[in-house]
Structures are given as C-alpha cells and as structure tokens.
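Have a look at the structure below before the remarks.
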Amino acid sequence: MNILHLKVLVPGIFAAAALALAAGVGAQTPPASPPAADTPQAAPMSGHHKHAAAAAKAAADMKAECEAMMAKKKEMQDKVEAMDATLDKLVADMNAALGSKAADALEKPMAAVINELVAQRKATRAMKAEMESEMMAHMMKHMEMAGTKAGKKSMADCPMMKMGGKA
C-alpha cells in the first residue's frame with residue numbers, strides 16, 4: 001500500500017469513528033431538564049384516558065353479561081319447575097289409576113310418567129351442559145379482567161359469584 005493512501009485513509013477512518021461515537025453518545029444522553037408544565041409534553045397522555053374509558057366500558061359490558069347470565073339461570077330454573085309440575089300431574093294420574101283393577105288402566109299412566117322422566121332428564125342434562133360452558137366462559141372473562149381495578153370490582157359484583165353456588 002502506498003504511503004499516500006495511508007495518509008488519506010487513516011484520518012478518514014478516525015473521523016468516521018469519532019462521528020459515530022459522537023452520534024451514539026448524543027442519542028443516549030437524557031434531556032437537560034423536564035418539560036415545563038404548560039408544554040404539550042407535560043400534558044397527560046390521551047392513551048391513558050382511552051385505556052380508562054375502555055376499562056369502564058369493559059366493566060359495564062361485564063355487568064350486563066353477568067345480569068344476562070343470571071336471567072338465563074332464572075329461565076332454566078323456571079323450565080325445571082314447569083317440568084316438575086308436568087311430572088306431578090302425570091304421577092297423580094298414575095296414582096289415580098292404581099285404584100282400578102284393570103291392568104290396562106295403569107299401563108298408560110305409568111308409560112307417560114316414565115317417558116316424561118326420560119325426556120326431562122335429557123332436557124335437564126342439555127340445559128346444564130350449555131349453562132356450564134357459558135358459565136366457564138363468563139368466569140374466564142372475569143379472570144382476564146382481574147388484573148385491573150375495574151376487573152376486580154366486576155368479579156366482586158358478579159351475582160353469580162355472590163351466590164356462592166347456591167340456587
């Protein structure tokens with residue numbers, strides 16, 4: 001390599017290295033002073049307000065979902081009560097037929113009771129399975145929200161949680 005090339009190349013490398021170091025050091029230095037109170041940098045971030053509004057909306061949505069879940073549970077209880085009333089009527093008919101000496105008179109009411117019991121058991125099982133999966137999804141939403149203040153409150157205010165498993 002020629003000495004002339006070294007005389008040009010070495011100072012160029014040093015200048016590039018110094019420039020790179022200066023740029024890197026300048027990027028890492030903190031600002032000289034905090035922003036004044038009347039500057040836009042000191043104003044609260046709008047993202048914080050958006051997050052608070054979103055959390056409030058989520059809590060309101062969760063409360064509505066809790067109420068809907070309780071309404072569905074009440075509807076299921078009403079269906080079971082209606083099923084019980086139907087069964088009570090069929091059993092009363094069967095018991096009334098017991099006084100008859102004819103075997104034919106008892107056969108039809110007994111078949112009706114047995115058929116109704118089977119149908120009700122299947123219906124109850126289906127309602128319970130549907131309600132159980134919906135309850136699990138509902139509780140998971142509470143658990144997902146639990147990291148926030150509104151989420152903890154929504155779980156504490158949930159009527160399903162307050163019941164403690166009691167009907």
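Readers should treat all values here as calculations from the given coordinates under stated rules, not as data from a laboratory. Since this is a predicted model, take the numbers as computed values, not measurements. Using ideal geometry, Cβ is built from the backbone for each residue, glycine included, and neighbour counts are taken over all protein chains shown.
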Here the net charge surrounding LYS128, from other residues whose Cβ is less than 13 Å away from its Cβ (Lys, Arg +1; Asp, Glu -1), is +3
Note: ALA103 to ALA60 extended length (0.36 nm per residue) minus current alpha-carbon separation gives 9.3 nm
Note on the range 53-158: the mean projected area of its alpha-carbon convex hull, in nm², is 7.5 nm²
FRET efficiency for GLN120 and MET143 from the Cβ-Cβ distance with R0 = 25 Å, rounded to 0.05, comes out at 0.15
Note, the range 115-124: 3J(HN,Hα) by Karplus (6.51, -1.76, 1.60, θ = phi - 60°), whole Hz, Gly/Pro = x, goes 4, 5, 4, 5, 5, 5, 4, 5, 5, 5
With a Förster distance of 45 angstrom and the Cβ-Cβ distance between MET70 and VAL91, calculated FRET efficiency to the nearest 0.05 equals 0.90
Under the 7 Å Cα-to-Cβ spin-label approximation, LYS153 and ALA129 lie apart by a distance in nanometres of 4.0 nm
With a 31 Å threshold on alpha-carbon distance, the violating pairs from LYS128/LYS152; LYS122/LYS149; LYS74/LYS141; LYS79/LYS108 are LYS122/LYS149
